[in-house]
C-alpha cells in the first residue's frame, strides 16, 4: 500500500475486475488516496463458464457463483448498482456491468475516458475472465511499465496451474511482459516487449 500511495496521481485510475458486493473497492477507497477514478467491472449475476479443459478450484467457482444480486437479494440492476456504489462510498467511482466478453469492447473505450492504471486488482477467480480483462487492459495500453501494480486475489499457491496464475503466465508470454514480483500474488509491470492494439487514449 505504501508503494501504491507514493505513486498515486489524479491522472491515474484504479481498476477492479470482480466487484461482487464492493468490499474490496470500499477498502481501496479508504486505503489509497490521490488517484483518479475507481472503476469496477462485474456481471453482478455470478461467474461465467471457465475455459474448456481448465481446472476449477472448487464447486463454488461454477457458473452463477458469487452473484452480487443473490448475495444482496436485489435483482433490479439499477438499484443493485446504486446499493453497491453506496457501500463503496467514494466519489468518482464507475461500475461497468456485464460479462467481460460482452462489456469489454471497443465501444466501451469510446464511451468512457479510461486513464492509465495505477492498480489493477483482479478478483475474477477464473482463467477465462482473467484472460479477457487483462487482454483488454493490455490492448488498450492501460498498463504502464514501471508504474502499474497488478494484484491477483485468487493466486493461492506458488505452483498454481489454474485460474488467474495460469492466465498471468500466458499473458506474460504473449506480450513479452517483465514483472517485478512483490509477493506471490502482487506484481509491478516493468516492460512490455510486444504491444498489440491501440491506446484507449488515442480515439482513433
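The values are calculated or read from the model by the stated rules, or taken from the named source; none is laboratory data. As the structure is a prediction and not an experimental result, all values here were calculated from the model. Backbone-built Cβ (ideal geometry, glycine too); neighbour counts: all protein chains shown.
List of remarks:
- Verdict on residue 144 being farther than 30 Å from residue 76 by Cα, touching a residue at least 12 places away in the same chain (Cβ under 8 Å), part of a strand (DSSP E or B) and touching a strand residue (DSSP E or B) at 6+ places or on another chain (Cβ under 8 Å): no
- Every residue from the stretch 64-83 that is in contact with a strand residue (DSSP E or B) (Cβ under 8 Å, 6 or more places away or on another chain) and closer than 20 Å to residue 125 by Cα: 68
- Output for the stretch 102-112, where each listed residue is closer than 18 Å to residue 18 by Cβ and surrounded by fewer than 14 Cβ atoms within 10 Å (Cβ to Cβ): 102
- Restricting the stretch 14-65 to residues that are closer than 23 Å to residue 167 by Cα and assigned to a helix (DSSP H, G or I), the residue that is modelled with the lowest pLDDT: 59
- The residues listed here are 125, 121; of these, the one that is assigned to a loop (DSSP other than H, G, I, E, B) and within 17 Å of the chain's Cα centre (by Cα) is 125.
- Here the stretch 155-174 is the region considered, the condition is being buried (at least 19 other Cβ atoms within 10 Å of the Cβ) and in contact with a strand residue (DSSP E or B) (Cβ under 8 Å, 6 or more places away or on another chain), and the residue that is modelled with the highest pLDDT is 168.
- Extreme residue, modelled with the lowest pLDDT, among residues of the stretch 66-89 that are assigned to a loop (DSSP other than H, G, I, E, B) and surrounded by 13 or more Cβ atoms within 10 Å (Cβ to Cβ): 66
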